[in-house]
1. With modelled with pLDDT of 95 or more and under 29 Å from PRO181 (Cα atoms) as the only criterion, which of GLU42, GLU18, GLU49, GLU55 stands out?
2. Tell me, which helices (runs of 4 or more DSSP H) lie completely within the range 146-216 with 3 or more residues that are under 19 Å from VAL112 (Cβ atoms) and free of Cβ contacts under 8 Å to residues at least 60 places away in the same chain?
3. Could you check THR44 against (1) in contact with a Lys or Arg (Cβ under 6 Å, 6 or more places away or on another chain); (2) within 16 Å of the ligand (Cβ to nearest atom) and say which number it fails?
4. Checking ILE20 against (1) in contact with a Pro (Cβ under 8 Å, 6 or more places away or on another chain); (2) more than 13 Å from the ligand (Cβ to nearest atom); (3) assigned to a loop (DSSP other than H, G, I, E, B): exactly one of these is not met. Which one?
5. Is it the case, given these coordinates, that GLU46 is of a type outside the set (Val, Ile, Thr) and exposed (fewer than 10 other Cβ atoms within 10 Å of the Cβ)?
6. Would you confirm, using the coordinates I've provided, whether SER163 is at pLDDT 95 or above, surrounded by 14 or more Cβ atoms within 10 Å (Cβ to Cβ) and farther than 27 Å from ILE199 by Cβ?
7. Give the residue that is farthest from the chain's Cα centre (by Cα), with candidates limited to residues of the range 52-70 that are within 16 Å of the ligand (Cβ to nearest atom) and not in a helix (DSSP H, G or I).
8. Within the range 75-87, is even one residue touching a strand residue (DSSP E or B) at 6+ places or on another chain (Cβ under 9 Å), farther than 14 Å from ALA142 by Cβ and more than 16 Å from the ligand (Cβ to nearest atom)?
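The values are calculated or read from the model by the stated rules, or taken from the named source; none is laboratory data. The structure displayed is predicted, hence computed values, not measured ones. FYI the Cβ positions are ideal-geometry reconstructions off the backbone, even for glycines, and counts take in every protein chain you see.
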Amino acid sequence: VQRSVVTLKEKGVDFSIEYIDLSDKPDWFVDLSPLGKVPTLEVTKEDGERVVLFESVVINEYLDEVTEGRMLPEDPLARARARAYIEFSNAVLGDVFQMTGAMDQASLDALVDKLESKLDRLELELGEGPFFLGPDISLVDAAFLPALQRLWWSNELYPELASFEARPKLKRWWLAMADKPSVQASAVPNLRPLFDGMISRDRGGNQSLIGARVAS
Ligand SMILES: N[C@@H](CCC(=O)N[C@@H](CS)C(=O)NCC(=O)O)C(=O)O
């Protein structure tokens with residue numbers, strides 16, 4: 001959802017947002033959303049027909065195409081490369097999510113190794129920055145926002161990860177994103193306590209290693 005809210009805000013699109021309690025989805029949402037997942041974008045066409053889109057990356061490309069300005073490169077090859085990294089952001093987000101749930105040191109170490117090879121790839125790809133494609137925020141940055149934000153928070157809780165300290169371009173990238181009003185307004189204001197609560201939850205009488213660092 002954050003990916004699409006950033007895009008809506010950066011493109012200056014008029015929208016309203018309804019947050020869904022995913023543990024208690026309202027009937028209207030279940031009826032509307034093809035897969036019952038967020039984000040779901042409802043677009044009202046000029047003839048009044050309503051069309052529902054899902055998948056944040058697809059929603060973002062649609063929003064980019066129907067509004068002024070471009071958040072992807074014009075050149076087809078550069079655009080394809082940007083899309084490849086947008087796809088890669090899903091793998092990074094998956095790794096970060098798994099890492100926050102690691103229950104023992106061996107699992108955490110293995111997950112950190114897996115993630116670090118991806119972060120090293122990003123560090124190599126990042127150029128002058130501060131954003132992924134250069135001075136302006138793009139759909140690649142929007143796609144990486146959820147992963148980088150949660151990785152940053154995980155590092156605050158568990159500094160041994162040193163994900164950013166070891167990778168100056170990655171750090172500069174996240175700090176540039178964190179500075180953007182669109183990024184700051186991309187989620188509910190209490191996202192951090194919600195994240196802390198999620199990762200520190202009881203998992204069969206235990207907590208994950210990173211979750212256990214959340215102050216009770
Ligand atoms: N690849 C999809 C992922 C969508 C997704 O899995 N959303 C989660 C929240 S992050 C959800 O709605 N889960 C509720 C459910 O699956 O019931 C996208 O980027 O839009």
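1. Only one candidate passes the filter, namely GLU55.
2. 168-178
3. (2)
4. (2)
5. yes
6. Judged against the criteria, SER163 is not a match.
7. Step by step, filter the range 52-70, then rank; the result is VAL52.
8. Scanning the range 75-87 turns up no residue that is touching a strand residue (DSSP E or B) at 6+ places or on another chain (Cβ under 9 Å), farther than 14 Å from ALA142 by Cβ and more than 16 Å from the ligand (Cβ to nearest atom).
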